[in-house]
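**Student:** Have a look at the structure that comes next, please.
What follows draws every value from the coordinates through simple rules; no lab data is involved. Small disclaimer: the values here were computed from a predicted structure and weren't measured. FYI the Cβ positions are ideal-geometry reconstructions off the backbone, even for glycines, and counts take in every protein chain you see.
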There are 2 protein chains.
Amino acid sequence: MDLDAVRTFLKVSSEGQFQRAADELGITQQAVSKRIGALEREVGVVLFARGPRGATLTVDGQAFLPHAHELLQAEDRALASVTPGRRALRVDVRNRRTAPATLLHAFYRQHRERDLDVVALPDLTLEAALAAVASGAVDATFRGLTDPKRQLSGTGLSSALVIEDRHELLVGPKHPLADAASVTPRRLADHPIWMPGLPRGDEVAAYYAELGATFGLTIDVLGPAFGAEVLMTEIAESATLANLVGEGSRYLWPAHYDLRRIPIVDPTPVFPLWVVWRTGNRQPDLAELLAFLEADFAGRKGGDSWRPSWGRDGH
Amino acid sequence: MDLDAVRTFLKVSSEGQFQRAADELGITQQAVSKRIGALEREVGVVLFARGPRGATLTVDGQAFLPHAHELLQAEDRALASVTPGRRALRVDVRNRRTAPATLLHAFYRQHRERDLDVVALPDLTLEAALAAVASGAVDATFRGLTDPKRQLSGTGLSSALVIEDRHELLVGPKHPLADAASVTPRRLADHPIWMPGLPRGDEVAAYYAELGATFGLTIDVLGPAFGAEVLMTEIAESATLANLVGEGSRYLWPAHYDLRRIPIVDPTPVFPLWVVWRTGNRQPDLAELLAFLEADFAGRKGGDSWRPSWGRDGH
DNA sequence: GGCGCGCCACAACTGTTCGTTGTGTCACTA
DNA sequence: TAGTGACACAACGAACAGTTGTGGCGCGCC
């Protein structure tokens, strides 16, 4: 469908005749006639009743009208989403299944009227992600920072600790811990943890390395990642494989997989995540988001938890 | 913006490379390259990072992605709205400001997931509107029926009395009744009622004629109708003009107009409206709408009201 | 390190499309 | 019956989108 034809359709419907629509659009009456004719041929119905006093909408034309408006509004939003200066708040979540994405969804539900674009930059290094924020390509990113002060010094960026996602154990029904109400990290030492596809050398790998060393866990990061669906399937069928997932993460599986999320306590490992933004970014919705994140974080404090050594100071 | 280009953008983003997108679309790789290039020129940003292993979305491309999906969905809905067989429930309300439109809006709010197209056929005679329903051009219409049994016999149409809209008096602040808590029809005999632009000979005109004759009212239907905005302005400035509006109608005016809606009691004139549909219409949402209307009507019964002679038998 | 491979961009060509000008048809009006 | 207003049809030219052919570039493989 040609959006120029849709625009012409709306002009004719508001002006009431082809000639005036043509004048407004800066084309000839014959061109309008052709555009409307082509649109009518495409949708398969007559949209205007042509009469000696102009053109009026048919029943089909009236039904089409609100959808035509919506089409052009969708076009406008699409253009705005990539136009510097008028683009919506754009946030990088690195992974659409983990806590930051869930939290952004909650923010969006509270503020339906705001435009929000969530992008995932899973393959970017921390440095590249920070550069994207500094350049204005994205307004905010959720990342783990091993040393916020040093990592952000001289970059013009600000950060705030806003998520401490409590880890849970994800196991299938055949796993020995399948029916446990909760487990402690030390009990996990007897069971291998499988986290395929973790990138080496970044803060996520550092977190699992320190977690494993502290409690004597076997955390296997080997093997390529074929995606969450494959991971869920493997865990569902296995009597030994277990996976660590964040409490705020959103993984879906068929009901007959019968996977279970087992809380980990005494202590609960938490992965600290900071939100990073450009100091002085005037995006109007950014302040709203930061306030939302701060309020959410304040409401979740407490509990006996374990943090990596680099996540023990606040923001 | 070219929707074919948007479609191509989505194919490339899902396939990961130009050549496979081209194969799926049945065009050459070069054509895909041109389309993407043209789209990028139009939106002013680079959407794909081209590499030797294919094309991946840039940050801007990721932000654009959900909007591209929405554009194509909007296109699909627009096409569906006029495609016989898969079109949404289509209802004629004759006037977008009166009770049926308000009621449909309430229905839509309860059933956001349903597709609903509201069309207004103000200039159609009752016969033409019924013909539109019988032909399937619209699924239902709200009309006044002076003799449902006779008017619908042999047409294959069904009807139900679903609205009895209580009339109120609309006056400006200078009108003698501006501060009345309520008025009776007989008191209105001293004040002219102005209803410009009423079509002659239809059921609405018949209603006002009988109402006027019963209570000795002066109902002036003269003068062309310049639209609701003009009417509101005239009433706001006049010390004598008054207008009858339905309780369920939705008229808007600037706050400084200071118009008032005065309830009419002892008795309250009500205009009976039937919904008419084609017997055996299988549109799945039609039954939902009829049930909604019936429930709403049942919840509004009661009160001392006046009906025209032709509206005193039920459905 | 040279070579081949996969992937995308550029160039030249062609058929189609879109817009323009000019003319025709039709209904209403005086 | 002639005039007017409004839309449709016809013919023409420019622009565009698609095709084939070719080139550049990064990566992996011998």
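**Student:** Shielding of A:112-122 by partners, i.e. mean partner chain Cβ atoms within 10 Å per residue? Spell out each step's value before the answer.
**Tutor:** Values: counts 0, 0, 0, 1, 1, 8, 3, 10, 3, 4, 0.
Mean shielding count: 3.
**Student:** Just add up the charged neighbours of residue A:24: K/R +1, D/E -1, any other residue whose Cβ is under 9 Å from the Cβ of residue A:24. Walk me through the intermediate numbers first.
**Tutor:** Numbers: positive: A:11, A:20; negative: A:15, A:23.
Net of charged neighbours comes to 0.
**Student:** On to the next question. What lysines sit close enough to residue A:34 to cross-link, taking a C-alpha to C-alpha distance under 17 Å and skipping anything fewer than 8 places away on the same chain?
**Tutor:** A:11
**Student:** Can you tell which of B:15, B:210, B:229 shows the greatest fluctuation in a Gaussian network model of chain B with Cα springs below 10 Å?
**Tutor:** The residue that fluctuates most here is B:15.
**Student:** Can I ask one more? How much FRET efficiency would the formula 1/(1 + (r/R0)^6) give for residue B:112 and residue B:294, where r is the Cβ-Cβ distance and R0 is 22 Å, rounded to 0.05?
**Tutor:** Working from the Cβ atoms, E equals 0.60.
**Student:** Shifting gears a bit: Largest first and in whole Å, give the semi-axes of segment B:89-236's equivalent ellipsoid, each being the square root of 5 times a Cα gyration tensor eigenvalue.
**Tutor:** Square roots of five times the eigenvalues give 31, 20, 15 Å.
**Student:** Stick to the Cα atoms of the protein assembly as shown, pair each with every other, and give me the Kirkwood hydrodynamic radius in Å at one decimal.
**Tutor:** Radius from the Kirkwood sum: 29.9 Å.
**Student:** Which value in deg cm²/dmol, rounded to the nearest 500, describes the helix-derived mean residue ellipticity at 222 nm for chain A, given -39,500 (n - 2.57) per DSSP H run of n ≥ 4 and division by the residue count?
**Tutor:** Result for chain A, helices only: -12000 deg cm²/dmol.
**Student:** For segment A:178-309, take the convex hull of the Cα atoms, compute a quarter of its surface area, and give me that in nm², please. All intermediate terms of the calculation are to be shown ahead of the outcome.
**Tutor:** On the way: hull surface 41.5 nm².
So the Cα hull casts an average projection of 10.4 nm².
**Student:** Would you mind ranking B:11, B:301, A:174 by Cβ crowding within 10 Å, fewest neighbours first?
**Tutor:** Fewest to most other Cβ atoms nearby, the residues stand as B:301, A:174, B:11.
**Student:** For an R0 of 30 angstrom, estimate the FRET efficiency from the Cβ-Cβ distance between residue B:230 and residue A:73 and round to the nearest 0.05.
**Tutor:** Efficiency, rounded to the nearest 0.05: 0.55.
**Student:** Assuming R0 = 25 Å, can you tell me the calculated FRET efficiency for the pair residue B:146 and residue B:95, based on Cβ-Cβ distance, to the nearest 0.05?
**Tutor:** The value I calculate is 0.85.
**Student:** Can you put B:102, A:214, B:279, A:8 in order of Cβ neighbours within 10 angstrom, beginning with the fewest?
**Tutor:** On the way: B:102 19, A:214 14, B:279 11, A:8 26.
Ranking B:102, A:214, B:279, A:8 by Cβ neighbours within 10 Å, fewest first, gives B:279, A:214, B:102, A:8.
**Student:** I want to make sure I understand the PRE zone here: with the label point 7 angstrom from the Cα of residue B:126 toward its beta carbon, which residues in segment B:272-311 have backbone N atoms less than 15 Å away?
**Tutor:** Zone members listed by number: B:272-277, B:308-311.
**Student:** Find the Cα radius of gyration of segment B:111-171, compare it with 2.2 N^0.38 Å by division, and give the number to two decimals.
**Tutor:** 1.34
**Student:** Where does the charge balance sit around residue A:172 when Lys and Arg score +1, Asp and Glu -1, over other residues with C-beta under 15 Å from its C-beta?
**Tutor:** Charge balance in the 15 Å sphere: -3.
**Student:** Which of B:139, A:220 comes first, and how do the rest follow, when ranked by fewest Cβ neighbours within 10 Å?
**Tutor:** A:220, B:139
**Student:** Among A:228, A:295, A:63, which one shows the biggest mean-square fluctuation in a GNM of chain A, springs joining Cα atoms closer than 10 Å?
**Tutor:** Between A:228, A:295, A:63, it is A:63 that shows the largest mean-square fluctuation.
**Student:** Check the straight Cα-Cα distances from residue B:149 and name the lysines below 27 Å, setting aside those fewer than 8 residues away within the same chain.
**Tutor:** In chain and number order, the partners are B:301.
**Student:** If you take every DSSP beta bridge whose two residues both sit in the protein assembly as shown, what share of them, in percent to the nearest 5, is antiparallel?
**Tutor:** 70 percent
**Student:** Where does the charge balance sit around residue A:15 when Lys and Arg score +1, Asp and Glu -1, over other residues with C-beta under 15 Å from its C-beta? Write out the running numbers ahead of the final one.
**Tutor:** Working: positive: A:7, A:11, A:20, A:35, A:50, A:53; negative: A:23, A:24.
Neighbour charge sum, excluding residue A:15 itself: +4.
**Student:** Check residue A:119: other-chain or 5+ apart residues with amide H under 5 Å from its amide H, H built from backbone geometry?
**Tutor:** Under 5 Å from the amide H of residue A:119: A:91, A:92, A:93.
**Student:** Enumerate the residues in segment A:25-53 having an amide nitrogen under 13 Å from the point lying 7 Å beyond the Cα of residue A:14 toward its Cβ.
**Tutor:** So the set is A:25.
**Student:** To continue, here is another question. What would the Debye formula give as log10 I(q)/I(0) at q = 0.10, 0.14 Å⁻¹ for the alpha-carbon point model of chain A, no solvent?
**Tutor:** The Debye formula, applied to the Cα set alone, gives -0.71, -1.03.
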